[in-house]
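Coordinate-derived values only; no laboratory data. In this text the structure is predicted, and so the values were computed from the model without any measurement. Ideal geometry is used to build each Cβ from the backbone, glycine not excepted, and the neighbour counts take in all protein chains shown.
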Amino acid sequence: MLTNPVWPALAVDDWTPTRETLHMYTQIVGKVKMVLAAPVNHWWHVTLFVDSRGLTTGAIPVGDRILELSFDFVDHVLVARTSDGRGETLVLGGSVARFYADVMALLSRLDVDVRIHPVPNEVADAIPFPDDTVHATYIAEHARLFWQQLVQADRVLRRSRSEFRGKVSPVHYFWGAMDLAVTRFSGRPAPVHPGGAPNCPDSVMVEGYSDELGSAGFWPGGGAEGAFYAYAYPAPDGYAAAEMPEGASFDAALGEFLLPYETVRQAPDPDALVGAFLQATSAAASRLADWPPAPQAPAIPADRASR
C-alpha cells in the first residue's frame, strides 16, 4: 500500500467528536460573515476559504473598516483583525456554548455589532449555540490533519476551476455541510429546487440552485477518510452511468459520484486521479445536458507568460 505524506490520512470515524465541534465553530463564524457581508448570488458571500494556516472569512466590510476572522490550525486559535490595526485571539477548544459566547464578546470588544441566528443549519440535531455543551471536544491534531486534507483538495480544485471559461464559483468552504466546493454553470436557469436540507429554509436551496450547474468538491464523508464528490443539477439522463476513473462510483442515495479520499491518497499520482475524476464528471454533466459552449480562454503571449 502506497503512503503519501502530502495527502494525510484521517479516518472519519476517528475524529467524529472534534469534527462535530469544529463544524459548529465554523458555523458560528460563517454566520457572522453571512450577516455582515453584502449578498452574492448562490450564497457565495457566506463561505470560508482555505489559507496558509487554516480557514478564513476573507475581508468583511464593517462600516468604514474591514474585519477578518481566521481559524489558525497551526497555533489552534481564532484570530480576529480589523483594518484599523486592532486584533483579538481566541484559543480553540471547549464547548460550542463557550465558543459562541467568547466570539460574541470578542467582536463586541472590536466594536463590531452583529447578531446572528444562533442555531446551526444543515444538521438534524440543531442545538442552539448558547445551549450546546454536548459538542466540546477539540483535538488539535485532528483539526490540523483535516486542514491539510483541505489544502490538497483546494489545490486540485483550483486547477480544475481554471480550465473553465464560463461562469464558475470560487473554490470555497461551505460551513453548512463542511464541504470545499467549486461549481460550474451552463448559463441557463434550472428548475426550482425542492429544498429539504435539515434545519435550512427551502429558500436557501432555491437560491443556491437557481441555475443549471455541475459541482464538485471534497468533504469529510462518503468514504473511510472522506471523499471527493461531483453532481449535476438537474442531473441529465444517463449521468449516473457515465464512465469514470477506476475507484470512483455513483452513489444513488446521494445522487452524486464519489471518489474516496483514501483511494486518492494511495494512488501513484493523487493529483492526476482527482484531475481525471473532475474532468470526467464535468464533461458528463455538460455533454449529456448539452450545455452551450463556454467562451475559450485567450492565449497568453509568450512574453507575458514569462513575466
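A few notes on this one:
- Cα centroid separation, the stretch 76-134 to the stretch 171-233: 25 Å.
- Estimated at 0.36 nm per residue, the fully extended path between residue 68 and residue 269 surpasses their Cα-Cα distance by 68.8 nm.
- Relative to the longest principal axis of the Cα atoms of the chain, helix 16-36 runs at roughly 80 degrees.
- Based on the reciprocal of the average 1/r between different C-alpha atoms, the Kirkwood radius for the chain equals 20.5 Å.
- The fraction of all Cα pairs in the stretch 12-131 landing in successive 10 Å bins from 0 to the largest distance is 13, 47, 34, 6, 0, given as whole percents.
- Once the chain from residue 127 to residue 16 is taken as fully extended at 0.36 nm per residue, the excess over their C-alpha distance is 38.3 nm.
- Most to least packed among 10-20, 169-179, 70-80 [average Cβ atoms within 10 Å]: 169-179, 70-80, 10-20
- For the stretch 37-42, Karplus couplings with θ = phi - 60° (6.51, -1.76, 1.60), whole Hz, Gly/Pro x: 7, 5, x, 10, 3, 6
- With a simple spin-label model that places each label point 7 Å from the Cα along the Cα-to-Cβ direction, the separation between residue 117 and residue 140 comes to 3.6 nm.
- Acute angle (nearest 10 degrees) that the helix 96-109 long axis makes with the longest principal axis of the chain, alpha-carbon atoms: 70
- The peptide list 104-116, 153-165, put in order of mean Cβ contacts within 10 Å with the highest first, becomes 153-165, 104-116.
- Highest-MSF residue in the chain out of 293, 120, 260 [GNM, Cα springs under 10 Å]: 293
- Volume per residue that the Cα convex hull of the stretch 221-269 spans, once the total is divided by residue count, Å³: 74
- Mean residue ellipticity (222 nm) of the chain, computed from DSSP H runs ≥ 4 via -39,500 (n - 2.57), nearest 500: -9500 deg cm²/dmol
- Binned Cα-Cα distances of the stretch 140-288, short to long, each 10 Å bin given as a whole percent: 11, 42, 37, 10, 0
- R0 of 30 Å, Cβ-Cβ distance residue 246-residue 167: FRET efficiency to nearest 0.05: 0.45
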